[in-house]
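Written below as structure tokens is the structure these notes are about.
The values are calculated or read from the model by the stated rules, or taken from the named source; none is laboratory data. All figures in this text were calculated on a predicted structure; none of them were measured in a lab. Every residue, glycine among them, receives a Cβ derived from its backbone with ideal geometry; neighbour counts consider all protein chains shown. All accessible areas refer to the heavy atoms of the entire protein, side chains included, with ligands and DNA or RNA removed. Shrake-Rupley method; radii C 1.70, N 1.55, O 1.52, S 1.80 Å.
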Amino acid sequence: MNATGRKAKAGSGMSERPFTHQLLADMLRIRRMEEKCAELYGAQKIRGFLHLYIGEEACATGAMHALDADDNVVATYREHGHALLRGVPMDAIMAEMFGKAAGCSRGRGGSMHLFDVARRFYGGNAIVGGGLPLAVGLALADRMLGIRRLTACFFGEGAVAEGAFHEGMNLAALWRLPVLFLCENNLYAMGTALDRSESQTELCVKAASYKVPTLKVDGMDVLAVHEGTRRAAQQVRGEGGPFFVEFRTFRFRAHSMFDPELYRGKAEVEEWKKRGPIHSFSAQLKAAGELTEDGFLELDAEAEAEVAAAVAFAEAAPWEPVEDLLRDVTTPGAMR
Amino acid sequence: MAELNLVEAINRALDWEMAHDPSVVVLGEDVGVNGGVFRATVGLQERFGPERVLDTPLAETAIVGTAIGMAAQGLKPVAEIQFSGFIYPAMDHIWNHAGRLRNRTRGRLSCPLVVRSPCGAGIHAPEHHSESPEALFAHLPGVRVVIPSSPSRAYGLLLAAIRDPDPVIFLEPTRLYRLFKQEVADDGEALPLDVCFTLRAGTDVTLVSWGAMLNETQAAAEALAQEGVMAEVIDVATLKPLDMTTILESVARTGRCVIVHEATRTGGFGAEIAANLAEHGLYSLLAPVQRVTAWDVVVPLSRLEHQYMPSVERIVAAVRKTLEGA
């Protein structure tokens, strides 16, 4: 089975589903994919670093559904879910995790550098804040080329400590560029709590100081994320200038796979887990009579099946031939 | 043909390419209204408008980061960093992103970006305004490094750099900006980005240099000629990719090599050329390779800067050393 074939199949199934079920299904797809990634990491099938998004799924899910297919997206190293919901096939993501040539970055990016040029997904990025000036440039180019689309730039609250945040925010506002800054504030920049690293912990105040309009959203509530992003995107498209949205969220797992988590207590994690985006949203739908337990299990089984197929695809995919090691550093034959 | 100095040649090349390729954009500090601190971009904003010649904040990270985003969309940004000592805040984006877009996407994206910056000492300016950081960039996969040494080569190499699909660090020797004039055709003809230029033929020793140091190197060759020592002079021009073929072919004939550069010695690009000679040209050598470089110090203020930079005398002395025992 190839990646493109299954995507079309999954796509055709999506269209008949109620929107709320699609949101839930997508959060489950991210969750199950990443749980499998953690397992494969333990089995040393996935090597290097792995930063899981578990707990934060409402942010990527709500936000991606509020964007147009043609928009540019810039993400961080915790971007597996963003890539998936941007339409990168799970096969291609999983193969990339393995470092296989069939991966979306042809096996050179790995977990932190998922790229898909055709889907205008400009990558995971291991440099905190590194995506902001890039997003500004993408938006500036669109304006110069007369293309009306926005650039959505995801980053964590750790990025607001970087100079690139301030330079990027300033330029986007100064030149009134269509950049939608989406800050996933999970309260800990790696192992440093927000109030241990920032003198101003109200992130919207920082953005507002550059005259960028702001909105603070509950990042554990997928509908709130969707609505907030939709409104912000509408304003960006209508007025042209940037917008800053802060999602208050929480990561349930460690920063990376090598994190002793000495910086936060178990009680705090457990408290946030009560507000977990998947179970709270499914409970909400059930209470409203919009979802049955069987319906939930069906969505879950579908996600599990997609993950199993993606893992099988990645396992079977060939490695990049060693002869290709020196390729794609610079453009062949382009030196004159 | 017009008689142009180096900075005028840079300006003509930018003007030509902006007129012929609407995807070329210039951005940087004071490049628009003011025409650049050295006047390299003078007249461009008037001719091509503020949409294509952008004055930026004093924010080097954003200048290069934004330019990379523009390049990813197919534009050809030419970013000016006002002095090479100001390039370090932009290193993050040059190092971490510009040189890697192509690799990360396995060729589906390239980064047709040029970062122009003045470089080098000899203008009586303090440290950050006089540095020669070329070796830092040459170390980086996916990035080309070019340093012109004359108006005509500046013109042709800058056109080639802008047309190249990969990021090019284009370092312009400040000392040469107005040092001399040369006939430049201004006909849009680019020079190749992967060859050295042999400026003077000789049989006894090969002098290898780049940028402003070719001034002293050629003067040294002239002085040596008076003594009957015929030096071949090679302008490396493009440090990466390095055309070792031309250098090795020359050294195969002369048997001696002196490398001259203005950057500090340790880890300087001369070491790369010397290592290549050791690997591929050792049996041609009649004497150990000599390097004439700046000392391993921060560029001093004007009173001492000519002690910092290699002089004609030091180059001649190094050549004499290679001739000892011949």
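Taken across the stretch A:240-249, residues that are aromatic (Phe, Trp, Tyr), under 24 Å from A:Ala25 (Cα atoms) and assigned to a helix (DSSP H, G or I) do not occur at all.
Among the residues making up the stretch A:286-307, those that are over 24 Å from the mean Cα position of the chain (by Cα) and assigned to a helix (DSSP H, G or I) are A:Lys286, A:Ala287, A:Glu293, A:Asp294, A:Gly295, A:Leu297, A:Glu298. Selection of the stretch B:60-88 for residues being at the interface with chain A (Cβ under 7 Å from one of its Cβ atoms) and either in a helix (DSSP H, G or I) or touching a residue at least 12 places away in the same chain (Cβ under 8 Å) (or both) yields B:Thr61, B:Ala62, B:Gly65, B:Thr66, B:Ala67, B:Ile68, B:Gly69, B:Met70, B:Ala72, B:Leu75. Scanning the stretch B:32-59 for residues that are touching a helix residue (DSSP H, G or I) at 6+ places or on another chain (Cβ under 9 Å) and within 11 Å of chain A (Cβ to nearest Cβ) yields B:Glu51, B:Arg52, B:Leu54, B:Asp55, B:Thr56, B:Pro57, B:Leu58, B:Ala59. In the stretch B:221-326, counting only helices (runs of 4 or more DSSP H) that sit wholly within it, none holds 3 or more residues that are open to solvent by less than 10 Å² (accessible area, probe 1.4 Å) and touching a helix residue (DSSP H, G or I) at 6+ places or on another chain (Cβ under 7 Å). Residues that are at the interface with another protein chain (Cβ under 7 Å from one of its Cβ atoms) and buried (at least 20 other Cβ atoms within 10 Å of the Cβ) within the stretch B:93-105 comprise B:His93, B:His97, B:Arg102, B:Asn103, B:Arg104, B:Thr105, listed in sequence order.
Just so you know, in the stretch A:307-336 the residues that are aliphatic (A, V, I, L, M) and within 14 Å of chain B (Cβ to nearest Cβ) include one that is most open to solvent (accessible area, probe 1.4 Å), and it is A:Leu326. Regarding the stretch A:145-165, can at least one residue be identified that is at the interface with another protein chain (Cβ under 8 Å from one of its Cβ atoms) and assigned to a loop (DSSP other than H, G, I, E, B)? No. For the stretch B:40-51, the condition of being assigned by TED's automatic domain parsing to the domain that holds B:Pro173 and on the phi > 0 side of the Ramachandran plot holds for at least one residue.
Within the stretch A:272-282, identify whether any single residue is more than 14 Å from chain B (Cβ to nearest Cβ), open to solvent by 60 Å² or more (accessible area, probe 1.4 Å) and not in a loop (DSSP other than H, G, I, E, B), and answer yes or no. Break it down into steps so the answer makes sense when it comes.
Our first condition is that a residue be more than 14 Å from chain B (Cβ to nearest Cβ); within the stretch A:272-282, this holds for A:272-282.
With open to solvent by 60 Å² or more (accessible area, probe 1.4 Å) added as a condition, the list becomes A:273-275, A:279.
Cutting the leftovers down to not in a loop (DSSP other than H, G, I, E, B) gives us A:273, A:279.
Yes, some residue in the stretch A:272-282 is more than 14 Å from chain B (Cβ to nearest Cβ), open to solvent by 60 Å² or more (accessible area, probe 1.4 Å) and not in a loop (DSSP other than H, G, I, E, B).
State whether the residues of the stretch A:191-201 include one that is buried (at least 16 other Cβ atoms within 10 Å of the Cβ) and within 27 Å of A:Ala139 (Cα to Cα). No, every residue in the stretch A:191-201 fails to be buried (at least 16 other Cβ atoms within 10 Å of the Cβ) and within 27 Å of A:Ala139 (Cα to Cα). With respect to the numbered conditions (1) more than 10 Å from chain B (Cβ to nearest Cβ); (2) without any contact (Cβ under 8 Å) to a residue 60 or more places away in the chain; (3) closer than 23 Å to A:Ala254 by Cβ; (4) open to solvent by 20 Å² or more (accessible area, probe 1.4 Å), which one is the sole condition not fulfilled by A:Thr76? Among (1) more than 10 Å from chain B (Cβ to nearest Cβ); (2) without any contact (Cβ under 8 Å) to a residue 60 or more places away in the chain; (3) closer than 23 Å to A:Ala254 by Cβ; (4) open to solvent by 20 Å² or more (accessible area, probe 1.4 Å), the lone unmet condition for A:Thr76 is (2). The condition of being in a helix (DSSP H, G or I), open to solvent by 30 Å² or more (accessible area, probe 1.4 Å) and charged (D, E, K, R) does not hold for A:Arg176. Being touching a Cys at 6+ places or on another chain (Cβ under 7 Å), open to solvent by 50 Å² or more (accessible area, probe 1.4 Å) and not in a loop (DSSP other than H, G, I, E, B) is the requirement here; does A:Lys216 meet it? So A:Lys216 passes the test. Here B:Glu29 meets each of (1) more than 25 Å from A:Pro178 (Cα to Cα); (2) touching a residue at least 40 places away in the same chain (Cβ under 8 Å) with one exception, condition (1).
Taking the stretch A:108-132 as the range and being surrounded by 22 or more Cβ atoms within 10 Å (Cβ to Cβ), over 17 Å from B:Ser110 (Cα atoms) and within 7 Å of chain B (Cβ to nearest Cβ) as the test, only A:Gly130 passes.
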